[in-house]
Amino acid sequence: MAEETIFSKIIRREIATELLYQDELVTAFRDIHPRAPTHILIVPNVLIPTVNDVEPQHEAALGRMFTVARKLAADAGISEKGYRLIMNCNSHGGQEVYHIHMHLVGGQPLGPMLAR
Ligand code: AMP
């Protein structure tokens with residue numbers, strides 16, 4: 001059984017966080033340490049620790065993450081200029097919170113995908 005993270009408490013509304021979106025599959029809220037003018041996290045409501053733990057039964061939630069990303073990018077007014085969706089996995093990927101999440105970042109030019 002995977003250990004819960006702070007994200008489970010946010011999903012269950014046990015700690016005060018402004019939710020930007022929530023439905024039966026996913027929840028979205030602002031990153032506490034934004035790296036860009038828009039920095040939103042979109043998470044499945046079910047605890048999946050890493051992308052390595054993704055199973056076929058998660059496909060509906062994972063697909064919903066993209067449709068919600070599209071909506072929130074439009075709400076933020078960054079669709080036309082563009083944005084980046086990021087999912088980090090384990091230590092080499094720089095994952096800090098072991099409840100998978102999609103970063104939606106934008107609002108300024110983001111530069112190359114990886115530091116050289
Ligand atoms: P990652 O490195 O992909 O695991 O990213 C984890 C992200 O979660 C980081 O960008 C953190 O700033 C963010 N984060 C951690 N705790 C919270 C929180 N309580 N509310 C919102 N964002 C958080």
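The values are calculated or read from the model by the stated rules, or taken from the named source; none is laboratory data. Here the structure is a predicted model, which means the values were calculated and not measured. Using ideal geometry, Cβ is built from the backbone for each residue, glycine included, and neighbour counts are taken over all protein chains shown. Just the protein is used for accessible areas: all its heavy atoms, side chains included, with ligands, DNA and RNA removed. Shrake-Rupley method; radii C 1.70, N 1.55, O 1.52, S 1.80 Å.
On the given criteria, is Ile42 in contact with a helix residue (DSSP H, G or I) (Cβ under 6 Å, 6 or more places away or on another chain), aliphatic (A, V, I, L, M) and either within 23 Å of Met1 (Cβ to Cβ) or within 16 Å of the ligand (Cβ to nearest atom) (or both)? Yes. Within segment 64-101, the residues that satisfy the criterion of being within 14 Å of the ligand (Cβ to nearest atom) and outside any loop (DSSP other than H, G, I, E, B) are Met65, Arg84, Leu85, Ile86, Asn90, Ser91, His92, Gly93.
The residue that is least open to solvent (accessible area, probe 1.4 Å), among those in segment 62-113 that are basic (Lys, Arg) and over 22 Å from Ile10 (Cα atoms), is Arg84. Each residue in segment 46-79 was checked for being within 20 Å of Ile6 (Cα to Cα) and under 11 Å from the mean Cα position of the chain (by Cα), and 2 pass.
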